[in-house]
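*Asks:* Mind looking over this structure? Questions follow.
The values are calculated or read from the model by the stated rules, or taken from the named source; none is laboratory data. Computed from a predicted model, the values in this text were never measured in an experiment. In this analysis, Cβ positions are derived from the backbone assuming ideal geometry, glycine residues included, and neighbour counts consider all displayed protein chains. Ligands, DNA and RNA are stripped out before the accessible areas are found, and what is left, the full protein with its side chains, is counted by its heavy atoms. Shrake-Rupley method; radii C 1.70, N 1.55, O 1.52, S 1.80 Å.
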Amino acid sequence: MLASLGRSFVFVYQRPTVAILCTGEELVDVDGDLDGVKIVSSNSYTLAAQVRDCGAIPVQLGIAKDRKEEIKEKFLQGFRADVILSSAGVSVGDYDFVKEVLNDLGMELIFWKVAMKPGKPVVFGNLRGKWVFGLPGNPVSSMVSFEQFVRPSLLRMMGHRQIFRPVIEAFLKEDLHKKPGMRYFLRGDVSMEKDYYQVTTTGPQGSGILKSMVKANGLIILPEDREIVRAGEKVKVQLLNRNF
């Protein structure tokens, strides 16, 4: 088509590369030694899948133990990518060094902590001209934070105009309780019943229950000012399944 129009040169958007770093003394890779208190770094794979789903290119930096120099070295390796994305180490624990290391490297902090659950301890900043996202370590928190912040940013970088997931209204099929002051994103199962959207949760909603994301085709959005949402009320749902 371009040849038929006589266009030998066109402007295009480049697919950004995204460096992914997971931190934690307890983490091992999927085929690593699980002796002792060790867990598999599932975030390495969920985040890479989410990056690919956007159309960007994941670059795995591996796992960094909870040591400042090791985390710093990994971040410096990440400068070959267009965006740097880390998981864990952004809260206020004794071994949460990611934010401190980024500050030492000269990052301009844009925000830290968001009034949402899961995913409160999110770090976002600019490090030597590159966007840096520090996501929580819990699997669900990491994935939900990616959906709200990283995915729209990557799509904007690639020239997309529609950068947010579609949001619908659905009738809730169960009572839900929450604490006020934070926006909740609950994993939901959306269906069409009698020409209306219906939604229920996928079960237990702990931020470490990865299966709750696997079973979800949407995120139920509960606003900050609500404490109880009753069955039969309409709620907003962010659709995760583009083919729904």
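*Asks:* Residues of the stretch 54-77 with the amide nitrogen closer than 14 Å to a label point 7 Å from the Cα of residue 35, along Cα-to-Cβ, please.
*Replies:* No residues fall inside that zone.
*Asks:* Do you know the relative contact order of the chain, to the nearest whole percent, from alpha carbon pairs under 8 angstrom that are 6+ apart?
*Replies:* Details: 502 pairs, mean separation 38.2, N = 244.
Worked out over the chain, it gives 16 percent.
*Asks:* Going down the table (72/211; 72/215; 130/236; 117/211), which pairs top 26 Å between alpha carbons?
*Replies:* On the way: 72/211 32 Å; 72/215 36 Å; 130/236 33 Å; 117/211 17 Å.
With Cα atoms farther than 26 Å apart: 72/211; 72/215; 130/236.
*Asks:* Select from 237, 134, 123 the residue farthest towards the positive end of the dipole of the chain; place +1 on Cβ of Lys and Arg, -1 on Cβ of Asp and Glu, and compute about the Cα centre.
*Replies:* About the Cα centre, the residue reaching furthest to the positive side is 237.
*Asks:* I would also like to ask the following. Label-point separation (nm) for residue 53 and residue 65, each offset 7 Å from Cα along Cα-to-Cβ?
*Replies:* About 3.4 nm, to one decimal.
*Asks:* Considering the zone a paramagnetic label at residue 115 would reach in this model (a point 7 Å from Cα along the Cα-to-Cβ line), which residues of the stretch 158-184 have amide N under 11 Å from it?
*Replies:* 180-183
*Asks:* Ignoring ligands and nucleic acids, what accessible area does residue 131 show with a 1.4 Å probe (Å², nearest 10)?
*Replies:* 100
*Asks:* Of 120/173; 38/120; 113/194, which pairs sit farther than 31 Å apart, going by alpha carbon to alpha carbon?
*Replies:* From the list (120/173; 38/120; 113/194), the Cα-Cα distance tops 31 Å for 113/194.
*Asks:* Among 229, 122, 90, which one shows the biggest mean-square fluctuation in a GNM of the chain, springs joining Cα atoms closer than 10 Å?
*Replies:* Checking each option, the largest mean-square fluctuation is seen for 229.
*Asks:* Keeping all protein chains in place and using 1.4 angstrom, which order do 83, 37 fall into by accessible surface area, from largest down?
*Replies:* Listed by decreasing accessible area, they come as 37, 83.
*Asks:* Could you rank 2, 186, 210, 47 by how accessible they are, 1.4 Å probe, largest area first? Don't skip to the end; give the middle numbers.
*Replies:* On the way: 2 90, 186 20, 210 50, 47 0 Å².
In descending accessible area the options line up as 2, 210, 186, 47.
*Asks:* Points 7 angstrom from Cα along the Cβ direction at residue 11 and residue 156: gap in nanometres?
*Replies:* It is 1.8 nm.
*Asks:* Can you say what percent of the DSSP beta bridges in the stretch 45-137, counting only those with both residues inside, are antiparallel? Round to 5. Each step should come with its number before you reach the end.
*Replies:* Details: 9 of 14 bridges.
In the stretch 45-137, DSSP labels about 65 percent of beta bridges as antiparallel.
*Asks:* Can you give me the accessible area per residue for the chain, using a 1.4 Å probe, in Å²?
*Replies:* Per residue, the chain has an accessible area of 53 Å².
*Asks:* What figure in square angstrom, to the nearest 10, would you give for the accessible area of residue 104 with a 1.4 Å probe?
*Replies:* Roll a 1.4 Å probe over it and residue 104 shows about 120 Å².
*Asks:* Next question, about the same structure. Residue farthest toward the positive end of the dipole of the stretch 16-106, with Cβ of Lys/Arg at +1 and Asp/Glu at -1: which of 45, 61, 79?
*Replies:* Comparing the listed Cα positions along the dipole, 79 ranks first.
*Asks:* Still on this structure, I have one more. If every alpha-carbon in the stretch 133-244 counts as one equal scatterer, what log10 I(q)/I(0) does Debye give at q = 0.12, 0.15, 0.21 1/Å?
*Replies:* So the normalised log intensities are -0.43, -0.67, -1.23.
*Asks:* Just to be sure I understand the model, the point goes 7 Å from the Cα along the line to the Cβ. What's the resulting residue 211 to residue 233 distance in nm?
*Replies:* Between residue 211 and residue 233, the label points sit 2.9 nm apart.
*Asks:* Follow-up. With a cut-off of at most 15 other beta carbons within 10 Å, and DSSP calling the residue loop, which trypsin sites (Lys or Arg not before Pro) in the stretch 27-80 qualify? Please list them. Each step should come with its number before you reach the end.
*Replies:* On the way: sites: 38, 52, 65, 67, 68, 72, 74, 80; in loops: 38, 65, 67.
Hits after loop and neighbour filter: 38, 65, 67.
*Asks:* Could you tell me which of 222, 5, 150 has its Cα farthest along the dipole of the chain towards the positive end, charges placed at Cβ (Lys, Arg +1; Asp, Glu -1), taken about the Cα centre?
*Replies:* It is 5.
*Asks:* Out of the GluC sites (Glu not before Pro) in the stretch 139-244, which ones are loop residues according to DSSP with at most 15 other C-beta atoms within 10 Å?
*Replies:* Numbers: sites: 147, 169, 174, 193, 224, 227, 233; in loops: 174, 224, 227, 233.
In loop regions of the stretch 139-244 (DSSP not H, G, I, E or B), the sparsely surrounded GluC sites (Glu not before Pro) are 174, 224, 227, 233.
*Asks:* May I ask you to give the percent of accessible area on the stretch 1-128 that is carbon plus sulfur, with a probe radius of 1.4 Å?
*Replies:* On the way: 3870 of 7050 Å².
On the stretch 1-128, the fraction of accessible area on carbon and sulfur atoms equals 55 percent.
*Asks:* Still on this structure, I have one more. Once you sort the root eigenvalues of the Cα gyration tensor of the chain as a ≥ b ≥ c, which label holds: rounded (a/c under 1.5), prolate (a/b larger than b/c) or oblate (the other case)? Numbers along the way, then the final one.
*Replies:* Numbers: a/c = 1.85, a/b = 1.16, b/c = 1.59.
Taking the square roots of the gyration eigenvalues as a ≥ b ≥ c, the chain is oblate.
*Asks:* Let's test the formula: R0 of 25 Å, r as the Cβ-Cβ distance of residue 226 and residue 26. What FRET efficiency results, to the nearest 0.05? Let's see the in-between values first.
*Replies:* Values: r = 35 Å, r/R0 = 1.41.
Efficiency computed from Cβ-Cβ geometry: 0.10.
*Asks:* Something else about it: Treating only the Cβ atoms of Lys and Arg (+1) and Asp and Glu (-1) as charged, compute the dipole magnitude of the stretch 79-183 about its Cα centre; round to the nearest 20 debye. Write out the running numbers ahead of the final one.
*Replies:* Values: 15 positive and 10 negative charges, 69 e Å.
Here the stretch 79-183 has a charge dipole of around 320 debye.
*Asks:* About its Cα centre, how strong a charge dipole does the chain have in debye, to the nearest 20, once Lys and Arg get +1 and Asp and Glu get -1 at the Cβ? Intermediate values should be presented prior to the final figure.
*Replies:* Details: 33 positive and 28 negative charges, 193 e Å.
Computed about the Cα centre, the dipole is about 920 debye.
*Asks:* How much accessible surface does residue 108 have with a 1.4 Å probe, in Å² rounded to 10?
*Replies:* Rounded to the nearest 10, that gives 110 Å².
*Asks:* Related question: Could you put 184, 13 in order of accessible surface area, largest first, with the 1.4 Å probe and the full protein assembly present?
*Replies:* Numbers: 184 25, 13 150 Å².
Output order, biggest surface exposure first: 13, 184.
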